[in-house]
Amino acid sequence: MANASSSLLLSVVIPTHNPRIDFLTRVIEALKQQTLPCEQWEVLVVDNGSRVPLKAAVGPRNYGTTGPQATAVDLSWHPNARVVREEELGLTFARLRGLAEAKGELIVMVDDDNVLAPDYVETAVRIAEERPGLGAFGGKCLPEFEVEPPEWLKARGKGLGLRDRGDREEFFPEAAICEASVSVGQFLPSAAPHAVSQTRLSKAVENHSPPNHRSTEPPKHRVTRRVTEFSDCAPIGAGMVLRREAAAAYAARIDEKTKSLKDEKTITDRKGNSLASGGDNDICLTVVEEGWQVGYLPELVLTHLIPKQRMTLDYQRRMARDSMKSFILMLDQHGIRPWPAMPKWSLPLRVASDWWRVKPWRGPDESLRFWGHLGMYEGRAALPALPAAAAVGSGQ
């Protein structure tokens, strides 16, 4: 199924946990329509502990549910495609496994409900060639609702994992301060735009270290920076494109934080029933700290399939709470504190005061605002105490 290639431009990594097979079918079919020749990129489906394991089907006729032991996905159309299993539950662990297995110079992270536009993969390669300072980038993530959404939900782009910042390119910061050792453009001869040499990183990322750099010290050619803010133009996880070197730096950081803190606070992303969503932001901040730019490129377009289960008020409340709490904890790991820590004993008083101030019983907008505030208070109460001068932009 998977022909190991030594010259892959790009790897599409699809983490999935107990997927909806009809949604995953749409995701795979969209990849089948990509304009970049299949021989120059690969597909990795990372099965993250699904109750019914996934496997690659022998052929299209064997696609779908094959019995109680396994569910098959049709990858027979692609010469460089496979399914790998990651038993440790959590989106971060699934992504790290995908990064470790990937052979491409670029890595595109695709959720199991993301339908890429036909030119997505080829456009990603072109952008990476034209802008060697970009370490991570993405574009528009537009909705396709399973059922007609209520009016209050239509404006909740962030709560639905959507992104549309218009048709103007945006970058953060204004310039990169590194000189990338490997850029896709360096290997693109004008007569053969899809032929590229590969820097082997698979096992290095699996060990959470950049190639030829077993320590967590950055290579000498790259200048790290202190970041004091999170940019709105930073890409979300859906469709995010990462350079291989930037991905290695992120994997190394995760390993370093896990070893130093030795607890689950290092992972602020989806796991089980949690709707924490700090992983995307963690990647982007790491990339910027390592000297790269991040950006929004509107020519990259994908469709996010929204199931009816995510369109309920209860789900959106949980999303507002968990995502805000994880965002605060994630920022703190990078030394950023828009809001100061608060004593745990004050949490019930803050919540009670906010209940009467916001009046969540009045309607969905007020209810979601209250649950977002609740997540913020819980995040602040979980922060370790620091001197006031250590908080960046502290405020109430």
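None of the figures in this text is laboratory data; all of them are computed from the coordinates on show. In this text, all values refer to a predicted model and were calculated from it rather than measured experimentally. When we count neighbours, we look across all protein chains shown, and the Cβ atoms used for this are built from the backbone with ideal geometry, even at glycine.
Miscellaneous remarks
- Taking other C-beta atoms within 10 angstrom as a stand-in for reagent exposure, Lys154, Lys257 fall in the order Lys154, Lys257, fewest first.
- Cα→Cβ-extended label distance, 7 Å offset, between Val147 and Glu130, nm: 4.2 nm
- FRET efficiency estimate (nearest 0.05) - Cβ-Cβ, Ser346 to Val223, R0 41 angstrom: 0.50
- Annotation: amide H-H contacts under 5 Å for Val12 (H modelled 1.01 Å from N, sequence separation of 5 or more, or interchain): Glu42, Val43, Leu44, Val108.
- For Asp280, Asp354, order by how many other beta-carbon atoms lie within 10 Å, fewest first: Asp354, Asp280
- The ranking of Cys233, Cys141 by Cβ neighbour count inside 10 Å, starting from the fewest, reads Cys233, Cys141.
- Contour minus Cα-Cα distance for Arg165 and Asn18 (0.36 nm per residue): 49.8 nm
- For segment 368-376, 3J(HN,Hα) per residue [Karplus equation, 6.51 cos²θ - 1.76 cosθ + 1.60, θ = phi - 60°, Hz, x = Gly/Pro]: 5, 5, 5, 5, x, 4, 4, x, 5
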